[in-house]
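The values are calculated or read from the model by the stated rules, or taken from the named source; none is laboratory data. It should be emphasised that the depicted structure is a prediction, and the values quoted were computed from it without experimental measurement. Cβ placement follows ideal geometry from the backbone for every residue including glycine, while neighbour counts extend to all protein chains displayed. Protein only, heavy atoms only, side chains kept; ligands, DNA and RNA dropped before computing areas. Shrake-Rupley method; radii C 1.70, N 1.55, O 1.52, S 1.80 Å.
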Amino acid sequence: DATVHLSHSGKKIQFISAQARPQLQLSDLELNNQVWGKQRKKRITVAVKQIFLSGNFDVANKKLKVDNAKLRLPSGEITTNGVIDFTTGWDLLGESSSVDIGADIGAIAEIPVEGVGSVKISVKGPASNIYLGFDVNLENGKYVNLNLGKVKGNITLDDKESKLILKGIHGVKRSGGYDVDGIIDVSGEDEISLRAKIVEMSPEDIFDIFK
């Protein structure tokens, strides 16, 4: 369902606005780091095998407004709102109260991720410098080959610099908890700089994180 509004003056036809209300089944949807006119080693940021898209999309004044769009995954639904400004860039926020990240997304910046729970996904910035953020609150979390247990915090991909920024990550294992902050280089250099603070955790639970 789509509507396009045009104005006509003499021989000139001018685009005014357009509205779309899609109901689309999409397969093998991929977001990567490629930018038109730039040579970069390809890196898949996020890939989804199956998704159903619906919602309200309005184009006017060089902007695409996303209103209450639904991204339905096999394990849950992400509700998305915001604006894509064709001049200044992206400002979108998607939220889900429950999704299986491991089953539906599988990896962030080609690093395997697992966990079930709530997630907020933000996309901000111009196409040349996108920030893709994940605010998570997960059970049985796993990332960077670490068994994180119950974990919440923020993971943000700085696409221009090819870096993952971990901020305010707080996890709970059986006997205690931990906090993690730092940066992971995903450009191919495989550099990891993380700071961890462990609070009253048994040796068994510490070893379990690294299994």
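Computed over neighbours whose Cβ is under 14 Å from that of R21, the net charge equals -1, Lys and Arg +1, Asp and Glu -1. The relative contact order of the chain comes to 10 percent, based on Cα pairs under 8 Å that sit 6 or more residues apart. Accessible area ranking (1.4 Å probe, heavy atoms, ligands and nucleic acids excluded), largest first, for S9, S97: S97, S9.
Considering helices alone, the calculated mean residue ellipticity of the chain at 222 nm is -1000 deg cm²/dmol, with DSSP H runs of length four and up weighted by -39500 (n - 2.57) and normalised per residue.
Under 8 Å for C-alpha pairs, at least 6 residues apart: give me the relative contact order for region 1-124, rounded to a whole percent.
Once divided by the residue count of region 1-124, the mean separation gives 18 percent.
In the chain, a dipole from Cβ-located charges (positive for Lys and Arg, negative for Asp and Glu) runs towards its positive end, and of I13, T80, I44 it is I13 whose Cα lies farthest in that direction. With the dipole of the chain worked out from charges on the C-beta (+1 for Lys and Arg, -1 for Asp and Glu) around the Cα centre, which of V99, A127, I183 lies farthest toward the positive end? So the residue furthest toward the plus end is A127.
In this Cβ point-charge picture (+1 for Lys and Arg, -1 for Asp and Glu), region 6-160 has a dipole of about 660 debye about its Cα centre. With the alpha-carbon atoms of region 60-211 aligned to their principal axes, the span from lowest to highest coordinate is 59, 33, 22 Å, starting with the largest.
Just tell me the longest site-free run in the chain, where the sites are chymotrypsin sites (Phe, Trp or Tyr not before Pro) in a DSSP loop having at most 14 other beta-carbon atoms within 10 Å. It would help to have the intermediate numbers written out before the result.
Details: sites that count: W36, F86, F210.
Between the exposed loop sites, the longest stretch runs 87-209.
The residues of the chain expose on average 60 square angstrom of accessible surface per residue, using a 1.4 Å probe on protein heavy atoms. Surface composition of region 162-211: carbon and sulfur make up 56 percent of the accessible area, probe 1.4 Å.
Spin-label model, D67/T79: points 7 Å from Cα along the beta carbon direction are separated by 1.5 nm.
Any of K163/K197; K70/K150; K49/K197 with alpha carbons more than 30 Å apart? Name them for me. Pairs exceeding 30 Å: K49/K197.
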